[in-house]
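**Q** Got a structure for you, questions after.
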Amino acid sequence: MTSAPDIRLISATATYALRHQVLWPDKELDYVKIENDVTGYHFGAFRHDELVAVISLFVEGQAARFRKFATRPDCQRQGIGSVLLRRVFREARARGAHQIWCDARQDSAGFYARFGMQPEGEPFYKGPIPYVRMARALVAEPDL
Ligand SMILES: CC(C)(COP(=O)(O)OP(=O)(O)OC[C@H]1O[C@@H](n2cnc3c(N)ncnc32)[C@H](O)[C@@H]1OP(=O)(O)O)[C@@H](O)C(=O)NCCC(=O)NCCS
């Protein structure tokens, strides 16, 4: 990893361009907006003041879910996503969640497994892309 990214809370709107570019470039921009975006916590990773990765967290009681996790292609595999994901785990725990889950693209399942997330249930598809739900418990802060 080069320099550590600066992690900031950002607006949902600020996530849209990266969500679109990285996750669903063939869809309309509106496709990457989530109905309940307004209820989420949206984090951005900045390098030299430039937004290079995003993730959105939704907490419902003791369960937290993250969605629309994307690092700009030229910045992937430099440790930025790891910093962002750990931040989201801590935030979810601090907000009372005991478990965190996501619908993971199969391509990224190996990445999430490194963070203690385990597949749950059968794989499924969103369009042509295979997914699997992955989850882990959130225990004491020092573990995160
Ligand atoms: C998944 C994603 C957000 C991870 O962000 P990132 O900034 O690349 O993550 P990091 O650089 O912190 O990766 C940490 C480690 O996981 C590895 N890793 C990254 N993506 C991986 C993947 N898809 N599968 C397995 N390992 C992966 C990295 O090589 C790195 O390993 P290292 O520490 O040994 O070098 C990013 O790769 C991405 O945007 N992918 C495309 C969109 C996507 O699939 N999003 C997730 C949808 S569920």
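**Q** Can you give me the distance in nm between label points at Ala17 and Tyr31, each placed 7 Å from the Cα along the Cα-to-Cβ direction?
**A** Output for this residue pair reads 2.0 nm.
**Q** For Tyr131, which sequence-distant residues (separation of 5 or more, or a different chain) have an amide H within less than 5 Å of its own amide H, given hydrogens modelled in the peptide plane?
**A** Close amide H contacts, sequence-distant or interchain: Gln106, Phe124, Tyr125, Lys126.
**Q** If r is the Cβ-Cβ distance from Asp6 to Glu120 and R0 is 41 Å, what FRET efficiency results, to the nearest 0.05?
**A** With a Förster radius of 41 Å, E is 0.80.
**Q** Calculate one ³J(HN,Hα) per residue across region 18-26 by plugging θ = phi - 60° into the Karplus curve 6.51 cos²θ - 1.76 cosθ + 1.60, and present them in order as whole Hz with x for glycine and proline.
**A** These are the phi-based 3J(HN,Hα) values: 6, 3, 5, 4, 8, 9, 9, x, 8 Hz.
**Q** Can you tell which of Gly44, Gly116, Gly127 shows the greatest fluctuation in a Gaussian network model of the chain with Cα springs below 10 Å?
**A** Of Gly44, Gly116, Gly127, the most mobile in the Gaussian network model is Gly127.
**Q** Ok, one more. Among Phe66, Phe111, Phe58, whose mean-square fluctuation peaks in a Gaussian network model of the chain (Cα, cutoff 10 Å)?
**A** Phe111
**Q** Another question, then. Rounded to the nearest 0.05, what FRET efficiency do Gln106 and Asp49 have when you use their Cβ-Cβ distance and R0 = 41 Å?
**A** Rounded to the nearest 0.05, the efficiency is 0.75.
Each reported figure results from applying straightforward, stated rules to the coordinates on display, with no laboratory input. Because the structure is predicted, anything quoted here is derived from the model rather than measured. Every residue, glycine among them, receives a Cβ derived from its backbone with ideal geometry; neighbour counts consider all protein chains shown.
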